[in-house]
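As structure tokens, the structure follows; a few thoughts come after it.
What follows is calculated from the coordinates using simple rules that are stated; it is not laboratory data. These numbers come from a predicted model, not from an experiment. In this analysis, Cβ positions are derived from the backbone assuming ideal geometry, glycine residues included, and neighbour counts consider all displayed protein chains.
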Amino acid sequence: MDNFVCGKCGYVVFGSAPDNCPVCNAPKNFFQPDSNAIKKPADPKNLNELEKKHTPVIKISKQCGLAGAGCTDAHIKIGEILHPMEEKHFITSIDIYIDNVFISRYHLTAERLNPILGIHLKVSGGKLKALESCNLHGRWMAEADI
Ligand SMILES: [Fe+2]
């Protein structure tokens, strides 16, 4: 199954193109199939330095407390070796999906921000996908069970 990518904002959908992009509202005809939209490590069990800097690391915690029972924390760090956040090389966004349904896009800027995200979910199960975009090295993804 191809992934479809929005030609306006780079949003990736797993499955068929939506009527409108949930990030930028572009219409369906802006979407194109792209089987290479997401980079994959050559050997997932033996990442090289570039892959360690770009593959998201997801940590799930079910003991939040901020929103009471039923709040699940997810921390997404880019990556195992922290990715640079510099003017010419930085993580521009992190998109979150649960069970392939888009939840949110977080835009990042290079200044004063580590490429780490903490979110509070209202779900207690499912598969979380984190898809990051590097301005130089493209999109990289990881997933974890909630
Ligand atoms: Fe990069």
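The figures follow:
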quantity	calculated
Under-27-angstrom lysine pairs by C-alpha in region 52-127, whenever the two are 8 or more apart or on separate chains	17
Percent of alpha-carbon pairs separated by more than 17 Å within region 20-146	61
FRET efficiency for residue 135 and residue 63, using Cβ-Cβ distance with R0 set to 30 Å, rounded to 0.05	0.30
Extension gain, residue 34 back to residue 107 (0.36 nm per residue minus Cα-Cα distance, nm)	24.0 nm
Mean residue ellipticity (222 nm) of the chain, computed from DSSP H runs ≥ 4 via -39,500 (n - 2.57), nearest 500	-1000 deg cm²/dmol
Options 100, 15, 44, ranked by Cα towards positive dipole end of the chain, top entry (Cβ charges)	100
Order of 34, 73, 95, 145 - criterion: other Cβ atoms within 10 Å of each residue's Cβ, fewest first	145, 34, 73, 95
Share, in percent, of DSSP beta bridges within the chain that are antiparallel, nearest 5	95
Shape category assigned to region 18-65 from the gyration tensor of Cα positions, a/c cut at 1.5	oblate
The chain - charge dipole about Cα centre, Lys and Arg +1 at Cβ, Asp and Glu -1, debye rounded to 20	160
Segment residue 2-residue 124, length gained on full extension (0.36 nm per residue, minus Cα span)	41.1 nm
Shape of region 64-125, Cα gyration tensor, a/c cut at 1.5	prolate
Within region 114-146, backbone nitrogen closer than 11 Å to the virtual label 7 Å beyond the Cα of residue 50 toward Cβ	137-138
